Amino acid sequence: MSDMNREPEELEEDGNYITLTDDDGEDISFEVLDTIEYQDRLFAVLLPFDDQDDEVVILEVIPGEDPEMDDFITVDDEELLGKVFGEFQKRMDDEDEGAE
């Protein structure tokens with residue numbers, strides 16, 4: 001997966017689901033788990049609907065002129081991905097502790 005674009009009509013009503021089109025023209029649907037701001041950059045933590053092993057995808061969000069036409073870019077830097085995923089895990093842990 002590299003650059004992906006979101007079409008406005010593909011965003012589900014509740015905002016928790018999104019369909020992106022990859023470079024090969026294939027649509028992939030995701031549940032949006034969270035968005036993480038890290039080092040002045042925005043990342044989306046996504047769970048593919050068809051993924052059986054619960055492995056998340058982290059894409060950088062590049063805002064477009066129209067907020068409903070943001071670009072989603074693959075992050076190749078493994079260290080950066082690890083740090084963004086660590087922030088995501090902290091948030092999940094904080095939410096779990098707050099629910100108790």
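Data table
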| item | result |
| --- | --- |
| Complete set of residues in the stretch 58-80 that are charged (D, E, K, R) and either modelled with pLDDT under 90 or not in a strand (DSSP E or B) (or both) | GLU65, ASP66, GLU68, ASP70, ASP71, ASP76, ASP77, GLU78, GLU79 |
| Count of the stretch 41-84 residues which are aromatic (Phe, Trp, Tyr) and within 15 Å of THR21 (Cβ to Cβ) | 2 |
| Residue list for the stretch 38-57, filter: surrounded by fewer than 19 Cβ atoms within 10 Å (Cβ to Cβ) and part of a strand (DSSP E or B) | TYR38, ARG41, LEU42, LEU47, PRO48 |
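The values are calculated or read from the model by the stated rules, or taken from the named source; none is laboratory data. Quick caveat: nothing in here was measured; it's all calculated off a predicted structure. All Cβ positions, even for glycine, are placed from backbone atoms using ideal geometry, and neighbour counts span all protein chains on display.
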